[in-house]
């Protein structure tokens, strides 16, 4: 689970850095930049298009960093849950027994 938390922290860092850079290059407030950065990382998009080559480069940078970090985090969370279920199955339990 530590690996998942590390990937979530990395994604958060990418999103926050992206927000600051989007705000500067797209000429937006930080909060609107954060909104656009989260939308970009979530592959939803934003209500504002990148302005200029620098703005487009920042958007691509957020896409190429935050999306893989989030994918890795979700993968580690799934792997952690899968391992716990396998351990429970090896012990013969279903997880629904009364304690």
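General remarks:
- Unmet criterion (only one of (1) in a helix (DSSP H, G or I); (2) touching a helix residue (DSSP H, G or I) at 6+ places or on another chain (Cβ under 7 Å); (3) free of Cβ contacts under 8 Å to residues at least 24 places away in the same chain) for residue 45: (1)
- In the range 47-59, the residue that is nearest to the chain's Cα centre (by Cα) out of those that are surrounded by 13 or more Cβ atoms within 10 Å (Cβ to Cβ) and either within 22 Å of residue 7 (Cβ to Cβ) or at pLDDT below 90 (or both) is 59.
- In the range 13-38, the residues that are more than 18 Å from residue 73 (Cβ to Cβ) and surrounded by fewer than 19 Cβ atoms within 10 Å (Cβ to Cβ): 20, 24, 27, 29, 30, 31, 32, 34, 35
- Across the range 60-79, the qualifying residues are those that are under 16 Å from residue 36 (Cα atoms) and without any contact (Cβ under 8 Å) to a residue 12 or more places away in the chain, and the one among them that is surrounded by the most Cβ atoms within 10 Å (Cβ to Cβ) is 60.
The values are calculated or read from the model by the stated rules, or taken from the named source; none is laboratory data. It should be emphasised that the depicted structure is a prediction, and the values quoted were computed from it without experimental measurement. Because the Cβ atoms are built from the backbone with ideal geometry, glycine has one as well, and the counts that use them run over all protein chains shown.
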